[in-house]
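Below: one structure in structure tokens.
Computed from the coordinates by the stated procedures, all read-outs in this text should not be read as laboratory data. Everything quoted here is computed from the prediction, not taken from an experiment. Note: ideal-geometry Cβ built from the backbone for every residue, glycine included; neighbour counts use all protein chains shown.
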Amino acid sequence: MADLKPSAQRVQDALLAAGFGAQVVELPDSTRTAAEAAAAVGCSVEQIAKSLIFVGSSSGQALLVIAGGGNRVDEKKVSALSGEKIVRADADFVRAQTGYGIGGVPPIGHPSPLRTWIDADLLNYTAIWAAAGHPNAVFCLTPADLVAMTGGAVAEVKAEVKAEAR
């Protein structure tokens, strides 16, 4: 097995230090988007646990929402959960708060713990895949492991899909 890139190795080290046996894998194809990740690992896009960083408007605090790959996040729902308005974080804020770039943000291995919410839809699967610190690195885990490793609260965070007018 080839050596992992430093950012992916940090995720592997964090997983092992936290007592999880998940193995980070680097793939030849990009896993930056949920669709790319699903195609690369051979699962449905709904099995991709995408880590999205928001900023609390009044606190300035980083907030992590781990959403199912096929779901859009309803920012009003996350605002209600966090108790403040939120905005999507820019790339510099994401890197400063997580240590990783957009497209590779893992659910674990950040410099300090983040308030975290996990999309309830992810609990519908026996196996899910998460980013592992690099746009080509992922790891497989169970929804229960995701909850345990993040300390995140499971919540309804997805935006409702509106029927199109015909």
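With +1 on each Lys and Arg Cβ and -1 on each Asp and Glu Cβ, and nothing else charged, work out how big the dipole of the chain is about its Cα centre, in Debye to the nearest 20. Please report the intermediate quantities before stating the final value.
Numbers: 14 positive and 17 negative charges, 68 e Å.
Here the chain has a charge dipole of around 320 debye.
Moving on. For the ranges 35-42, 81-88, what's the packing order if you count other beta-carbon atoms within 10 Å of each residue, average per peptide, and put the highest first? All intermediate terms of the calculation are to be shown ahead of the outcome.
On the way: 35-42: 17.2, 81-88: 15.1.
Per-residue Cβ counts within 10 Å, averaged per peptide and sorted highest first, yield 35-42, 81-88.
How are the Cα pair distances of the chain distributed, in percent, across 10 Å bins from 0?
Values per bin, smallest distances first: 11, 41, 36, 10, 1, 0.
I'd like to compare 66-75, 107-116: which one has the highest average count of other Cβ atoms within 10 Å, and what's the full order after that? Let's see the in-between values first.
Numbers: 66-75: 20.3, 107-116: 17.8.
Packing proxy ranking, top to bottom: 66-75, 107-116.
With a point put 7 Å past each Cα toward its Cβ, work out how far THR142 is from SER112 in nm, to one decimal.
3.3 nm
Ok, one more. Counting Lys and Arg as +1 and Asp and Glu as -1, what is the net charge of the other residues whose Cβ lies under 12 Å from the Cβ of ALA34? Before the final figure, lay out the partial values.
On the way: positive: ARG32, LYS50, ARG72; negative: GLU36, GLU46, ASP119.
Summing Lys/Arg as +1 and Asp/Glu as -1 gives 0.
Put +1 on the Cβ of every Lys and Arg and -1 on every Asp and Glu Cβ in the chain; which of ASN124, GLN9, PRO113 then has its Cα farthest towards the positive end of the dipole?
PRO113
Further, regarding this structure: Between ALA91 and ALA17, what is 0.36 nm times their sequence separation minus the Cα-Cα distance? Round to one decimal in nm. Write down the numbers at each step before the final one.
On the way: separation 74, 0.36 × 74 = 26.64 nm, distance 2.71 nm.
Full extension from ALA91 to ALA17 adds 23.9 nm.
Tell me the label-point distance for the pair ARG72, TYR125, using the 7 Å Cα-to-Cβ offset, in nm and rounded to one decimal.
Here the answer is 2.1 nm between the modelled labels.
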